[in-house]
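This report concerns only the one structure given below.
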Amino acid sequence: MEKPQDKVNEPFSAYGRYSYADYLSWQLEEMVELIRGKVFRQAAAPRRIHQGLTVALVTRIHGFLKGGSCKVYTAPFDVRLPVASRKHTDIDTVVQPDLCVVCDPDKLDDLGCLGAPDLIVEILSPGNNKKELQLKYDVYEASGVKEYWVIHPDERTLLIYTLEDRKYHPSRLFTLGDQVESQVLSGFVLDLDEVFGEV
């Protein structure tokens, strides 16, 4: 079971519950995420294939969105998912998606995104699968992220969760040879042979 780890001289403990106000006060060299008040460390530096996939995806999505109102961002980029209020002390979930698309400019500020992005892409890394597949799935669904993509780089697969009636509905498992369309980014088509072929 993945648990936050405590280290000497850190501003948080493994068993504490924290808010975005706490998160802003920390001076850390590594990225951390808050999921429902619990601290989760980012895994070690992403592997080369993870970085390659991020670049391939952001290049294609940025080119598609150019000139429109939707914008694409890559980690590190704070996405705050408020539940009760937008006060820093009340927000207990702050994530760093590998890639996200925000179409509502009112959700963007100097600190990142406040509210659910329209699309989030997470690329699995060794050691973070439970966080991406269970914990983040739950908060993304509850927060209203319209489309959530999970990419497994070693298996070269993509699974898309689409929000309908406040519940995620999974696509079939896409893999090499597939052309993938997004319901959120109307007209955007992703050729998985091209994307995985670049890494």
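What to note about this one:
- Exposure proxy ranking for LYS136, LYS167, LYS38, LYS107, based on other Cβ atoms within 10 angstrom of each Cβ and starting from the fewest, stands as LYS167, LYS107, LYS38, LYS136.
- Max mean-square fluctuation residue, GNM over the chain, Cα-Cα springs under 10 Å, options LEU53, LEU133, LEU124: LEU133
- Cβ distances below 4.7 Å define possible disulfide partners, and in the chain the cysteines left without one are CYS100, CYS113.
- Largest mean-square fluctuation among GLU132, GLU155, GLU29, in a Gaussian network model of the chain whose springs join Cα atoms under 10 Å apart, belongs to GLU29.
- Tally of Lys pairs whose C-alpha atoms are under 16 Å apart, taken over the chain, 8 or more apart or cross-chain: 15
- For the chain, the fraction of C-alpha pairs more than 24 angstrom apart is 39%.
- Amide H contacts for THR157 (H built 1.01 Å from N in the peptide plane; partners 5 or more residues away or on another chain; cut-off under 5 Å): HIS152.
- Per-residue [θ]222 nm for the chain (sum of -39500 (n - 2.57) over DSSP H runs n ≥ 4, rounded to 500): -5500 deg cm²/dmol
- Fluctuation leader among ASP106, ASP78, ASP98 - the chain, Gaussian network, Cα springs under 10 angstrom: ASP106
Coordinate-derived values only; no laboratory data. A quick note: this is a predicted structure, and the numbers were derived from the prediction, not measured. Quick reminder, even Gly has a Cβ in these numbers, built from the backbone with ideal geometry, and neighbours come from all protein chains shown.
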